[in-house]
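Here, each number is a calculation from the coordinates, and none is a lab measurement. Every value quoted in this text rests on a predicted model; they were computed, and no experiment measured them. Because the Cβ atoms are built from the backbone with ideal geometry, glycine has one as well, and the counts that use them run over all protein chains shown.
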Amino acid sequence: MAITPPKKISHVGIAVKNLEETLPFYTDVLGLTLEGYETVESEMVRVAFLTIGETRLELLEATSSESPIAKFIEKKGEGIHHIAFQIEEISDQLQTLKSQEIRLIHEVPKDGAHHSLVAFLHPKSSHGVLVELCEPQTKQNER
């Protein structure tokens, strides 16, 4: 049984060493709109959101050397970190994926940026791509 297909690409996460040094490329050169910043304590990152159509780019700067983003940059350098798909019923979707023996980094969704529940799939199950599943939380579906 397959999961319910994603609604859209929520965002593409890009690991950067320094937001202030990186942002001018996206805002001044590409002309994207800076939507704002958010710190996600659980992931030890500061995030800058840039709007492009219905999708966002998330520039991710580590706030700690223990952050997954700091470790990613140390190993691979700056660049695309993950792609995030907007889905519904994230807990059910994770159970379906687990039953299909898809490796999950998070078996239970956790709080993420933009008031979303998020969970990551292990890149070994998705052919080298770190996939994030996101379920936006609204007053109707808050958990």
Considering only residues that are of a type in the set (Asp, Glu) and surrounded by 15 or more Cβ atoms within 10 Å (Cβ to Cβ), which ones fall in segment 36-82? GLU38, GLU43, GLU58, GLU61, GLU78
It is to be established whether one or more residues within segment 70-86 are touching a Leu at 6+ places or on another chain (Cβ under 9 Å), of a type in the set (S, T, N, Q) and farther than 30 Å from THR4 by Cβ. no
Identify all residues within segment 1-58 that are among the small types (Gly, Ala, Ser) and without any contact (Cβ under 8 Å) to a residue 24 or more places away in the chain; write none if there are none. GLY31, GLY36, GLY53
State which residue is surrounded by the fewest Cβ atoms within 10 Å (Cβ to Cβ) when the search covers only segment 86-143 and only residues that are β-branched (Val, Ile, Thr) and not in a strand (DSSP E or B). THR138
